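Report on the following structure.
Quick note: the coordinates plus some simple rules give every number you see, no bench work behind them. In this text the structure is predicted, and so the values were computed from the model without any measurement. Heads up, the Cβs are rebuilt from the backbone with ideal geometry, glycines too, and the neighbour counts pull from every protein chain shown.
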Amino acid sequence: MKRAITLSIGAMALAATALPSAAADLGARPITKAPIAAPIAVYNWSGCYIGLNGGGEWSHLSGTVTAGGVLTPLPFPVGGVVVNNRDNNSTSGMFGGQIGCQVQTGSWVWGIEGDLDATNAHRTFVAPGTLGFFFPGDVIDFRRRWDASVRGRVGYAWDRFMIYATGGVAFADVRARFLPIGTPFVFENDRTATGGTIGVGGEYGITDSLSLGVEYRYTQFGHDNATFGNPFGVPVAANVKLNDNQVTARLNWRFNWFGGGVASRY
């Protein structure tokens, strides 16, 4: 009996001696940290860019002509029949380029852009009969050779895809000609019309620097006066109102001067 009690006390003492050592071994084990998540790559639209665009435009032209102070509606042919009307529509292709800069703050993208496009929008008005000063076959021709604009832009981006609104001031070369039938004379007026333009667009980042987009813009140039001097001693002038709709595909190359391309976000 005494031996059993002695052995029990010895075992308990031995266990008590081993506990601190085991605790020390447990504390010495290395602490395992959770793995750090890799940063998420997010497209960054900041930077200056240059690009090309091409598409089509639909113009609406209306106005009047005065000769010697007498007002005459602009005539034009419809369905092969020459009639009088104040309204007229024309279509044309267009091609050009743009340059701009933009900065992204969060999901918002703020920028400014200028563009210049060549176009061949034109319409010819033919006098259907004797209208005061005008004789049957007299021609007044309007033609645009280029369009340009300077605009602000504000967009909202979802990674590589961005939608935006744009607006600013627009310019257009408008050349007006008066060609009296049966004469070698051509009376011209060449001027730059100014108006306001607004539009919307979408753009997708193909690579860190290259993006492809499409844009629609509506431009109103308001009223513009074209004077032809005094053909045959009679002052002739035209007052026209020009509205324009444009749809273009756009390809931009961004220089990433301000950290554009792909950025990291945790």
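Some points to look at:
- Potential lengthening between residue 207 and residue 253 on full extension [0.36 nm per residue; Cα-Cα distance subtracted]: 15.6 nm
- Using a Förster distance of 22 Å, the FRET efficiency for residue 70-residue 122 (Cβ separation, nearest 0.05): 0.30
- Taking other C-beta atoms within 10 Å as the exposure proxy, 159, 115 rank 159, 115 from fewest upward.
- Taking 7 Å steps out from each Cα toward its Cβ at residue 48 and residue 110 produces label points 1.9 nm apart.
- Label-zone membership for the range 197-234, site residue 60, 7 angstrom Cα→C-beta point, backbone N under 17 Å: 197-199, 217-224
- Sorted peptide list for 149-155, 45-51, criterion being average Cβ within 10 angstrom, highest first: 45-51, 149-155
- Three-way shape label, the range 46-257, alpha-carbon gyration tensor, a/c 1.5: prolate
- With contacts taken as Cα pairs under 8 Å and at least 6 residues apart, the range 46-257 reaches a relative contact order of 23 percent.
- FRET efficiency estimate (nearest 0.05) - Cβ-Cβ, residue 148 to residue 198, R0 22 angstrom: 0.90
- Whole-Hz ³J(HN,Hα) from phi, Karplus 6.51 cos²θ - 1.76 cosθ + 1.60, for the range 181-194, glycine and proline x: 5, x, 10, x, 7, 10, 9, 10, 9, 10, 8, 9, 8, 10
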